[in-house]
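Scroll down for the structure; my scribbles are underneath it.
Where a number appears in this text, it was derived from the coordinates with a stated rule and is not lab data. As the structure is a computational prediction, the values presented were derived from the model and not from experiment. Quick reminder, even Gly has a Cβ in these numbers, built from the backbone with ideal geometry, and neighbours come from all protein chains shown.
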Amino acid sequence: MIFRLYTFNFKLVILVKKIALRIIVLIVLLVGMNVIYSKFFYEDDLKKHSLNMFNSIQSIKPESDIIYLGESSNSTYSKHDKDKRTLGEFVSDYYPTLITSSVTKKAAHAGIFKHILSNIPESPKKRTVIVTLNLRSFSASWIYSKLETALQKEVILIQNRPDLLNRALLSFKDYDVLNEKERVKLLFNAWTNQRYHDLPFEFPYKHIKEWDKAKASIGIKGLNGKLSKKKTSLACNYIKRYAFQIDFENNPRIKDFNQIIQLGKERNWNLVFNIVPENLEKADFLVGENITYFMKENVKQLENYFTKKGVLVVNNLSIVEDSEFRDQMLTTEHYAEKGRKSVARSVAIAIKKFHQEKFSETNFKQFVYDYKPIQIDPFYTISKSEGNWEFSNDFEGDKVWGSPKNITSEKAFSGNKSGFALKGSIYGPSLIVNPKLSPQENLLGVIIKGKIFSENLNSHKTKIVIQAKSLENKIWKSFKVKNLIKHEKKWCDFTVTYQLPSWIKESKKVRIYLLNESKEKCYLDDFKVIFY
Amino acid sequence: MLFNTIDFIVFLPIVVFIYYLLPQKGRWILLLLASYFFYGSWKLNYLAFIIISTVIDYACGLKMDKIVSKKKKKPFLILSLVSNLGLLFFFKYYNFFAENLNSGIASNFPILEDVILPVGISFYTFQTLSYSVDVYHSRQKAESHLGYFALYVSFFPQLVAGPIERFSNLTPQFKTEKKINYQNISNGLRLILFGLFIKMVIADNVSGIVEKVYETPLAYSSWDVLLSSFLYSFQIYSDFFGYSTIAIGSARLLGINLMDNFKTPYLSRNIAEFWQRWHISLSTWFRDYLYYPMGGNRVNKFKWYLNVLTIFIVSGIWHGANWTFIFWGALFGIVYILEKLASKYIAFAERNVFFNAILILKTFVLTTLIWVFFRSKSIDEAFEFLSRIFEFSSQSEAELIVPLYVWFSLSLFIISEFLLFNSRFDEKLNKIAFPLRWTIYSILLFSILVFSGVDDFPFIYFQF
């Protein structure tokens, strides 16, 4: 390539002379514009385009000893919760003499946290900074999520550059601008290009897409024994969101967390990564143990990786049970009160390392003892694809379930007969089973369904009862019929869902029956019990 | 790569700098590589279609050039038309036809879900078609240099949304040595600045406002819906005019003059004039390659009506595969014909300033109402929107809020339209003294940096 520098230089000199004044004027103008913008417009822009980010940063007390930074897992609560405070605030209960700031930035991840953290006012104190580490945020589903655009846009204005430059970058859309089709394409590529490797077991699928496709074609059965689209979709979502192997070289979240570590070193923080719980139980039920292998293995690797870098990693992956997950049909990290308090306790105990003398026990044990688990809407209950341990009785055949005296042909929803109970013959149809005979490895819960005809709905004395006993434990759980159905003197559907205790397999029998101590008859038909 | 992104702001100066460093014989290589890079940054695979189109048209052009007989030339013209329009049909219209045929005659054409329309395919297809047709008619000598021809098809400033240039205007400029010229650089930068202002400050801010109303017109009062329809007129104009202005400015930095695509169209007194001022490169294309070959106005009245309607409907189809565009085109055609029929009765008005203003207002209102079909996703949606306007209802569940700075920038733009009537921003500024000129630059620059819309609204015409 021949450069015509001789003519070009000559022209350039003329041009430079001609534009020198203009460049100076432009620089002066830009400096002036930056002053005007900072003084009159920046704060408004911050509130307009980065309000959540602005609020998150503002909510951090400058004198904080402990900063808890989380996404929605920090603050999402169940409407049944008595204490609706954030997870970070529960941590602060263990350190009442320390100043704690609990910051929530919904849908955020380490790539956003790093910007919030870099905006925290510096302090001479050696702070403890607890950063939520959400396993799902390492997945392609999250990395290429459409929420990313809004999040990336929000951080532009708070970056450490001249205000006018930040606004200019926002104006020129210097954020992750991808349309829906482009995102989907990237996501599909990630699902097919990332091949499984080094698995300690035989696995028939090469990548997420293949596994997802196979699961979708097999499907998951619902309570009625038919394929359930919603449950199949949930199972596939578990695969899409968790069935990956973290690439420590290229995963953007790894880079983000490493930048946080760097920042922590510069600011002399006690840095803590809190690996928040995922619904392993549901993942296992819907997809099987292979999915939990991926979840546990990824977390194990993350724990090792960041521990080696001097971070205190608190692994809470499996400490919250299924019933404490608020969104039963979504793969979220939204916990009810007990779930949030369990994570908080685990984190609080872990950071005793930094604040041993300030630690103060809470009433957590009493809380757990008194805690009533949430009644999960039966629509959302899980059902194993292999089939559940199910029992049913329409009282037409030989199955009696209790005393034959409690079967009548006075009324029936289907066929000619039904079961009943009333004062004097208080035990209606009863299913008695030995949990040890269950083909399922674990019995997590039971669903009781059927039709009830109640003469009087005002009675407190008519109940569906679940009873079980082992050597050390027992349960006697009742559900008032008046709360299960809406109309008296009419056949009504009812459904009861109950989470069984972990020792249930040790008990010799579980009895599920209709109990009626009132004077009015209560009939039961098409009785069905499903253990899952 | 969009014009209003940091990527382009980095890309353009690099290209311009290297361009002037290179000798003339190497410049086409740089521009071609830059153009392919520019296009490939959207989707590398689709670069193949430009290359295929280039090679076919280049070969057909050479073949036709060597043949005198039109009859013998015809197969090559057909090859060029079929290959170019075939690609365009496949990507842009196949699903539309399949869906309509499937529902109309219960056929079972498969719908292609994953087809993404290559950016700017309608523009470069028309550009190459004009070349083939011109060569066929011997109005244009075929280009023997594949590089220059490829550059004509893909020249990055006007590749994805025009102006649709003719070979005879563009290619000779590539071949002429361009020396670095202060005036070109200055005018180019002015146009880019002005184009960015109208795209980023006006169109991008108005887009979000208009979008909300179009999503749920029934939630807004009739006045708000009417206001949003007027705002859309400014949105689409500033969006496309902004793009064209940046394109012309970018080319000007390289010493290349592109044709003007807009000349204050909303100051037109009738629809005919509007189309002489709006998307001029497309209007003239249709005129030269469709309207004239159909006989133009040298036919009987009925045929002329048909010609006019055909042109407008084809123009509608060119814009998109949707009945709304066809309806939009047809409406323009009908209004065009009606105005022509009425022209002799209102000819006196065109000589009077007051009546001129009324006519301009009438054209603007008509155009605004017709744009409703262009903006709506379906004909039903368009009628729902229009019926909401004519309900004259003040009841609303939502309020249309137009921020003060949007009104301010819109006012500036409207004033500039009057000031720039029949002239161009860069040329107008030449006549203004340094302090005032720099005051204007400062206002534009500050507005771009501080008041631009922050949401991503791609150029509307990219979808065509």
Exercise. Average partner chain C-beta neighbours within 10 Å, per residue of B:82-95?
Worked result: 0
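When only DSSP loop residues count, what trypsin sites (Lys or Arg not before Pro) in the stretch A:470-517 have their Cβ near at most 15 other Cβ atoms within 10 Å?
Values: sites: A:474, A:477, A:480, A:482, A:486, A:489, A:490, A:505, A:508, A:509, A:511; in loops: A:486, A:489, A:490, A:508.
Of the trypsin sites (Lys or Arg not before Pro), the ones in loops of the stretch A:470-517 whose Cβ has at most 15 other Cβ atoms within 10 Å are A:486, A:489, A:490, A:508.
Are there DSSP H segments in chain A that both extend 27 Å or more along their axis (alpha-carbon positions) and score a mean Kyte-Doolittle hydropathy of at least 1.6? List them, or say none. Please report the intermediate quantities before stating the final value.
Values: long enough: A:5-36 (43 Å, 1.95); A:289-308 (28 Å, -1.01).
Once both thresholds are applied, what remains is A:5-36.
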Problem set entry | Likely footprinting exposure, A:532, B:58, A:293, fewest C-beta neighbours within 10 Å first | A:293, A:532, B:58
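Only Cα pairs under 8 Å and at least 6 apart count here; give the relative contact order of the stretch B:212-320 as a rounded whole percent.
Details: 56 pairs, mean separation 13.4, N = 109.
It comes to 12 percent, rounded to a whole number.
Expressed in nm to one decimal, what extension gain is obtained for the pair residue A:106 and residue A:44 from 0.36 nm per residue of sequence separation less their Cα-Cα distance? Don't jump to the answer; show the numbers that get you there.
On the way: separation 62, 0.36 × 62 = 22.32 nm, distance 2.18 nm.
Result for the pair: 20.1 nm of gain on full extension.
Going highest first, how would you order B:362-374, A:131-143 by mean Cβ packing within 10 Å?
A:131-143, B:362-374
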Exercise. Tally Lys/Arg at +1 and Asp/Glu at -1 over every other residue whose Cβ is under 11 Å from the Cβ of residue B:149; what's the total?
Worked result: -2
Exercise. For B:437, B:388, A:167, what's the fewest-to-most ordering of other Cβ within 10 Å of each Cβ?
Worked result: B:437, B:388, A:167
Problem set entry | Label-reachable residues, the stretch A:469-512, where backbone N falls under 16 Å from a point 7 Å from residue A:414's Cα toward its Cβ | A:491-495
Problem set entry | Alpha-carbon centroids, the stretch A:144-195 and the stretch B:345-374: separation in whole Å | 44
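How high is the relative contact order of chain B, given as a whole-number percent (alpha carbon pairs under 8 Å, six or more residues apart)?
Numbers: 599 pairs, mean separation 91.6, N = 464.
Normalised by residue count, the contact order of chain B is 20 percent.
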Seminar exercise, completed: Site residue A:307, offset 7 angstrom along Cα→Cβ, radius 20 Å on amide nitrogen, limited to the stretch A:260-277, gives A:261-262, A:270-277
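Per residue of A:237-243, count partner chain C-beta atoms within 10 Å of its C-beta, then hand back the mean as an integer.
Averaged over the peptide's residues, the number is 0.
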Exercise. When DSSP assigns beta bridges and you keep just the ones with both residues in chain A, what percent turn out antiparallel, to the nearest 5?
Worked result: 70
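About its Cα centre, how strong a charge dipole does the stretch A:293-374 have in debye, to the nearest 20, once Lys and Arg get +1 and Asp and Glu get -1 at the Cβ?
Here the stretch A:293-374 has a charge dipole of around 360 debye.
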For this session: Name the residue farthest towards the positive end of the dipole of the stretch A:27-130 from the options A:99, A:86, A:40, assuming +1 on Cβ of Lys and Arg, -1 on Cβ of Asp and Glu, about the Cα centre.
Result: A:86
Problem set entry | Cβ-derived FRET efficiency at R0 30 Å, residue A:84 paired with residue A:458, nearest 0.05 | 0.35
For this session: In debye, nearest 20, what is the charge dipole magnitude of chain A about its Cα centre with +1 on Lys and Arg Cβ and -1 on Asp and Glu Cβ, if you could check?
Result: 680
Exercise. If one computes the Cα centroid of the stretch A:480-524 and of the stretch B:387-442, what distance in Å separates the two points?
Worked result: 71
Exercise. At what distance in angstrom do the alpha carbon centres of the stretch B:198-217 and the stretch A:240-274 lie from each other?
Worked result: 39
Problem set entry | Kyte-Doolittle at least 1.0, axis length at least 20 Å by Cα - qualifying DSSP helices, chain B | B:6-21, B:47-66, B:323-346, B:353-375, B:404-419, B:434-451
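What 222 nm value per residue comes from the helices of chain B, counting each DSSP H run with n ≥ 4 as -39,500 (n - 2.57) and dividing by all residues, nearest 500 deg cm²/dmol? It would help to have the intermediate numbers written out before the result.
Details: 21 runs with 311 residues, N = 464.
When only DSSP H runs of four or more count, the value is -22000 deg cm²/dmol.
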Problem set entry | Farthest toward positive dipole pole in the protein assembly as shown [+1 Lys/Arg, -1 Asp/Glu at C-beta], among B:358, B:264, A:228 | B:264
Exercise. Relative contact order for the stretch A:269-330: what is it in percent, counting Cα pairs under 8 Å that are at least 6 residues apart?
Worked result: 53
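Run the dipole for the protein assembly as shown about the Cα centre, Lys and Arg Cβ at +1, Asp and Glu Cβ at -1, nothing else charged, and hand back the magnitude in debye, nearest 20. Each step should come with its number before you reach the end.
Numbers: 124 positive and 89 negative charges, 242 e Å.
Roughly 1160 debye, rounded to the nearest 20.
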Problem set entry | Hits among aspartates and glutamates - C-alpha to C-alpha of residue A:105 under 14 Å, sequence gap 8 or more where chains match | A:71, A:148, A:154, A:333
Problem set entry | Anchor residue B:303: lysines whose Cα lies under 19 Å away (excluding residues fewer than 8 positions away in-chain) | B:340
Seminar exercise, completed: In terms of the charge dipole of the stretch A:1-143, which places +1 on Lys and Arg and -1 on Asp and Glu at the beta carbon, the residue among A:73, A:31, A:116 farthest towards the positive end is A:31
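If you count, for each residue, the other Cβ atoms within 10 Å and average over each peptide, how do A:256-262, B:392-398 line up from highest to lowest?
Details: A:256-262: 19.3, B:392-398: 11.4.
In descending order of packing, they fall as A:256-262, B:392-398.
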Exercise. Counting DSSP beta bridges in the protein assembly as shown, what percent are antiparallel, to the nearest 5?
Worked result: 70
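Summing Lys, Arg as +1 and Asp, Glu as -1, what charge do residues with Cβ under 15 Å from the Cβ of residue B:224 carry, residue B:224 excluded? List each step's numbers first, then the result.
Numbers: positive: B:212, B:388; negative: B:211, B:215, B:384, B:391, B:397, B:399.
Summing Lys/Arg as +1 and Asp/Glu as -1 gives -4.
By counting other Cβ atoms within 10 Å of each Cβ, how are A:466, B:415, A:130 ranked from fewest to most? Let's see the in-between values first.
Details: A:466 21, B:415 10, A:130 28.
Least to most surrounded, the residues fall as B:415, A:466, A:130.
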